[in-house]
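Remarks on the structure that follows.
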Amino acid sequence: MIMSEPATAPDASTPAGVLEGDLVRRARNGDLHAYDELIKRYQERIYATIYHMTSNHEDANDLAQESFIKAYSALKSFKGGSSFYTWLYRIAVNKTINFLKQRKNKYHLSLNDIDFNAEHDPDLMALISDKTPLRDVGLSELQKKLNEALLKLSEPHRMVVVLHDVQGQSHDEIAEVMDCNIGTVRSRLFYARQQLQGYLAEYIKPT
Amino acid sequence: MNVSENKNNFTELKRFLNLKRHEVPPPGYFNDFSAEIVARIRAGEASGGRNFAGQLQDQAPWLVSFLRIFEARPGVIGAFATSLCLLLLFGVVVAEYSDSTPQTIFTTTASASQPLASSAVPGVAGATAFAPVSEGGIVISTNASLQPAVNLFGQQNASPLFQPVGFTTTGD
C-alpha cells in the first residue's frame with residue numbers, strides 16, 4: 001500500500017461529492033455513523049500528512065484522532081465555504097503545527113516500516129543504483145536520513161514539501177489549506193527543496 | 001549552479017522523497033481507527049459534553065494560548081509566580097500605608113469642629129459626649145452606652161452595648 005497517493009478533494013459535482021455533503025449534513029445533526037464514514041474516507045491522508053510532519057507514529061496517531069474529534073465538535077461552525085476535506089485538512093495542519101511548535105526541536109523518530117513495493121519503485125531503484133553514492137546504503141538508513149533532514153526544516157516549509165512532494169497536492173490546494181497565497185507556497189517550496197538538498201547532499205547524485 | 005542543474009537536483013530530491021510514500025503504519029492499523037474515534041466522541045457526549053479543556057479552548061482560546069506558554073517554557077511560570085508575589089507584597093504595603101493615613105484625616109476634621117465627622121472617631125467616651133443632632137427637622141438622639149442589653153444569663157444589663165436611637169420629628 002502506498003500511503004500518500006495524490007490527494008484530491010472530491011468534486012462536488014460528482015455523486016461522491018454529493019454524498020460527502022449528505023454525510024456532513026447528517027454528521028452535523030449528530031449522526032455518528034455518517035461521521036464514521038467520513039473518517040474512513042480521509043483517515044489515511046490525514047494520518048499520513050501528520051506522520052510525515054512529525055516522523056513519529058504515536059504522535060501522528062494522537063494528533064489524527066484529535067483532529068477528527070475536534071472537527072466533529074466544530075462541525076456546526078463549518079459553513080461549507082470550502083470542501084469538508086479542505087476544512088478537515090486545515091484543522092489537522094494547524095493542530096500539527098501547534099504541536100510541533102510546542103515540542104520545539106525535541107523530537108524522536110518513531111518511523112513506520114517501508115512497504116514491500118519500495119523495492120520495486122523505479123525511482124528508488126534509480127536512486128540506489130550503482131552509479132549513485134547510495135549504493136552501499138540500505139533503504140532504512142535512507143529513510144532515517146530523509147526524516148532527519150525533513151525535521152530540520154521549519155514547520156511551514158516542511159508542510160509545503162510534505163503536501164506537494166509527498167502527498168501530491170497542487171499549489172492551489174496547499175494555499176487553501178495553509179491559508180496563504182500561491183506565491184508564498186511556491187517560494188516556500190523552492191526554499192524548502194534547496195534546504196533539503198543541502199542536508200542530503202551526500203546522498204544525492206551530483207549532476 | 002544554473003536553473004537546469006537546480007531542476008535536475010530537485011528531480012533527484014523528489015525521487016528521494018518518494019521513499020516517504022512507502023512508509024506505512026502497522027498492518028491493520030486503520031481497521032479500528034474510525035471506531036476508536038467514534039467511541040471517544042460517544043464517551044465525551046456521555047460524560048455530559050466536552051471536558052473543561054475543550055470548553056476553555058472554545059470560549060477563551062487566548063487563555064489556552066497563554067497557559068501553553070507555561071507548558072513550553074517552565075522558566076516563565078517561575079517569573080510569573082515571582083511577579084505575582086511581588087504584586088501581593090506591594091498590595092500589603094500599600095494597604096498598611098493607607099490604614100495609617102485616615103487617622104491623620106480624622107484628627108484634622110475633629111479639630112475643625114464638625115460634629116458628624118467627629119462621631120467617626122472610635123471610642124466610647126467620645127460618643128457619650130454627643131448632643132442630639134438636628135437634620136432637616138429630625139432630631140436624632142443617641143444613648144451612648146456600649147454594653148450588652150442582656151447579659152449571658154438573661155439578666156438586664158445596666159449599660160447595654162448597643163446604642164438606642166430615638167427619632168423625633170420637629171414638624172418643620
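Derivation of every value follows stated rules applied to the coordinates shown; laboratory data play no part. Just so it is clear, the structure is predicted and the values come from calculations on it, not from any experiment. Note that we place each Cβ from the backbone using ideal geometry, even for glycine, and neighbour counts take in every protein chain shown.
Distant-in-sequence amide contacts of A:Asn56, defined by a placed amide H-H separation under 5 Å and a gap of 5 or more residues or a different chain, comprise A:Ser110.
Would region B:28-69 count as rounded, prolate or oblate if I go by the C-alpha gyration tensor, calling it rounded below 1.5 in a/c and otherwise prolate when a/b exceeds b/c, oblate otherwise? Oblate shape, in that a/c is at least 1.5 and b/c is the bigger or equal ratio. Going from the fewest other Cβ atoms within 10 Å to the most, the residues B:Val76, A:Val185, B:Val38 appear in the order B:Val76, B:Val38, A:Val185.
Cβ crowding within 10 Å, taken as a proxy for footprinting-reagent exposure, orders A:Glu155, A:Glu119 from fewest neighbours to most as A:Glu119, A:Glu155.
Remark: the B:Ala95-B:Asp58 segment gains 9.5 nm on full extension, using 0.36 nm per residue and subtracting the alpha carbon distance. List, in the order given, every pair from A:Lys106/A:Lys144; A:Lys70/B:Lys20; A:Lys101/B:Lys14; A:Lys40/A:Lys76; A:Lys95/B:Lys14; A:Lys40/A:Lys144 whose Cα-Cα distance in the structure shown is over 24 Å. Exceeds cut-off: A:Lys70/B:Lys20; A:Lys101/B:Lys14; A:Lys95/B:Lys14; A:Lys40/A:Lys144. A cut-off of 5 Å between modelled amide H atoms, ignoring neighbours fewer than 5 places along the same chain, links A:Asp113 with B:Val24.
Listed by Cβ neighbour count within 10 Å, with the fewest neighbours leading, A:His108, A:His171 appear as A:His108, A:His171.
With the gyration tensor restricted to C-alpha atoms of region A:10-107, the semi-axes of the equivalent ellipsoid amount to 26, 13, 12 Å, longest first.
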